[in-house]
Amino acid sequence: TFSGVRPAEEATVKALIAAGGLNSDDLTVEKLRHFVVARKGDALVGVVGLELFPPHGLLRSLAVAEAHRGQGIAAQLVEAAERYARSAAVESLCLLTLTAEGLFRKCAYRKVKRASAPAPLQGTVEFKSLCPDAAICMQKQIA
């Protein structure tokens, strides 16, 4: 099942993101309001985040617990994030990735120049400092 981050789950979500080799230093309770988690029973098995700047959004922090990889959870999380983003008047999503270009390509994201990302996204911590210049920028129209 998919839902938002529940109160008192922030540390678990951050640990899941860190276990995926991603940075969670900038994640506040406010930012986590726009994250979607995947659950199996009571266990958190995956997470994806959004930063919303309608009509644009930044997809970030996609991570799946190691024991649950290879089951399609990452693609399902991307779909859930896209549904959430559309409900918040977002028409396009951008992301930066070092390791998941293939997954995002399967989810219909296309590679774009980092400099072509919308200005509000370029102002995020993710663009400015968390993701190195080597990260691939990808984009998808969702509405």
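The values are calculated or read from the model by the stated rules, or taken from the named source; none is laboratory data. Given the structure is predicted, the values throughout are model-derived calculations rather than measurements. Ideal geometry is used to build each Cβ from the backbone, glycine not excepted, and the neighbour counts take in all protein chains shown. Each accessible area value is taken on the protein alone, full model and side chains, heavy atoms only, with ligands, DNA and RNA left out. Shrake-Rupley method; radii C 1.70, N 1.55, O 1.52, S 1.80 Å.
Considering Val64, Val112, the condition of being over 17 Å from Phe35 (Cβ atoms), among the β-branched types (Val, Ile, Thr) and at pLDDT 95 or above is satisfied by Val112 alone. Are any of the residues in the range 123-133 among the small types (Gly, Ala, Ser) and under 13 Å from the mean Cα position of the chain (by Cα)? No, the conditions are met nowhere in the range 123-133. Kindly indicate whether His34 is touching an Asp or Glu at 6+ places or on another chain (Cβ under 9 Å) and either surrounded by 14 or more Cβ atoms within 10 Å (Cβ to Cβ) or within 21 Å of Ile136 (Cβ to Cβ) (or both). Judged against the criteria, His34 is a match. For Leu77, the conditions (1) without any contact (Cβ under 8 Å) to a residue 60 or more places away in the chain; (2) out of contact with any His (no Cβ under 8 Å at 6 or more places or on another chain) all hold with the exception of (1). Going through (1) open to solvent by less than 30 Å² (accessible area, probe 1.4 Å); (2) of a type outside the set (S, T, N, Q); (3) on the phi > 0 side of the Ramachandran plot one by one, Glu82 falls short only on (3).
Taking the range 84-142 as the range and being under 21 Å from Asp25 (Cβ atoms) and polar (S, T, N, Q) as the test, the residues that pass are Thr97, Thr99, Gln122, Thr124, Ser129. Would you check if there is a residue in the range 90-98 being loosely packed, with under 12 Cβ neighbours inside 10 Å and over 13 Å from the mean Cα position of the chain (by Cα)? There is no residue in the range 90-98 that is loosely packed, with under 12 Cβ neighbours inside 10 Å and over 13 Å from the mean Cα position of the chain (by Cα). Considering the range 106-136, the residues that are free of Cβ contacts under 8 Å to residues at least 24 places away in the same chain and touching a Lys or Arg at 6+ places or on another chain (Cβ under 9 Å) include one that is nearest to Pro55 (Cα to Cα), namely Gln122. Where strands (runs of 3 or more DSSP E) fall entirely within the range 14-132, those with at least 1 residues that are of a type in the set (A, V, I, L, M) and under 21 Å from Phe2 (Cα atoms) are at 35-40, 43-53, 56-64, 92-97.
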